[in-house]
Amino acid sequence: MDIIWGRINKFIDDKILDNYDIISSRKNAISGHFTLFRNIEQVNFLFKKIPDYKKYLNKNEFQWFDEFHFNNFIKDQLKNSLSTLKVYWPKYLLNVENNIDSHQEYHLDRWLWKNGKVISSKTNQEIMYLHFINWKSTIKKNEISYNTNAKSFIISYNSIHNKKNKKYRIIINNFKNTFWGYWVKKSRRVFYYNFFKKCNFLKKSLKKISG
């Protein structure tokens, strides 16, 4: 599981449920981790209108069908003046960092779950849910269980716990993130990917010239 739920009904009320056919937690995009579909035939079979949908569904490889192919189809439908489809996706309803949802730096004590609310300790902002992409591989310890009936707990990149970390640990962790943080590692991966991509392109170009 890579989601901690907050107060869903605070962000999606009856008015939204009554007036929209599709509700997504991502801004202007279908979300793979939270999208609601009105249970009617017109909505249930929308995917069949996607060109070559059977081709994608018959492939063994992961196709990002909902977040790519279906997403593009929905955007085209919204541009069509004849379409009656109503989609609600005006804002992010989950954790966002560096204008990207779900991905997070290796923070300590960043999130608080309290009485059903998920709150950022940095901004005091409440979100509908907390979604882990990179944290689900780094959280190694959990002090909370269902039978404890906990009223609150803290979520860090490495554990789910009851007590806050000592200040010196947070200072050391922030310093460590300067050199080995998630976004630093990600920027390095992007750099090396683009570097080797250019090298391969240059290699092929030289081969064509010499050939």
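The numbers here are math on the coordinates, done by the rules we state, and not lab data. Note that the structure is predicted; figures quoted are calculated from it, not measured. Ideal geometry is used to build each Cβ from the backbone, glycine not excepted, and the neighbour counts take in all protein chains shown.
Listing Ser210, Ser159, Ser31 from fewest to most neighbouring C-beta atoms within 10 Å gives Ser210, Ser159, Ser31.
Straight Cα distances below 18 angstrom link Lys207 to the lysines Lys197, Lys198, with same-chain residues fewer than 8 positions distant left out. Here the Karplus curve 6.51 cos²θ - 1.76 cosθ + 1.60, taken at θ = phi - 60°, turns the phi angles of segment 144-157 into couplings of 9, 9, 4, 6, 7, 6, 5, 8, 7, 7, 10, 10, 10, 5 Hz, with x standing for Gly and Pro. Normalised by 2.2 N^0.38 Å, with N the number of residues, the alpha-carbon radius of gyration of segment 1-125 equals 1.22. Shape of segment 96-173 from the C-alpha gyration tensor: rounded (a/c under 1.5, with a ≥ b ≥ c the square roots of its eigenvalues).
Among Ser145, Ser83, Ser120, sorting on how many other beta-carbon atoms sit within 10 Å of each Cβ, with the fewest leading, yields Ser145, Ser83, Ser120. Among Val43, Val87, Val190, which one shows the highest mean-square fluctuation when the chain is modelled as a Gaussian network with alpha-carbon springs under 10 Å? Taking springs between Cα atoms under 10 Å, the residue moving most is Val190. Per-residue Karplus couplings for segment 194-201, computed as 6.51 cos²θ - 1.76 cosθ + 1.60 with θ equal to phi - 60°, are listed in order as 5, 4, 5, 5, 5, 5, 5, 5 Hz, Gly and Pro entered as x. Taking 0.36 nm per residue of separation and subtracting the current Cα-Cα distance, fully stretching the chain between Lys176 and Gln63 would add 37.1 nm.
From the cross-link list Lys15/Lys186; Lys79/Lys136; Lys114/Lys167; Lys10/Lys186, which pairs have alpha carbons spaced over 30 Å apart? Correct reply: Lys15/Lys186; Lys79/Lys136; Lys10/Lys186. With helices as the sole contributors, the chain gives -10000 deg cm²/dmol at 222 nm; each DSSP H run of n ≥ 4 counts as -39500 (n - 2.57), and the sum is divided by every residue.
With the convex hull of its Cα atoms as the shape, the chain has an orientation-averaged projected area of 17.9 nm².
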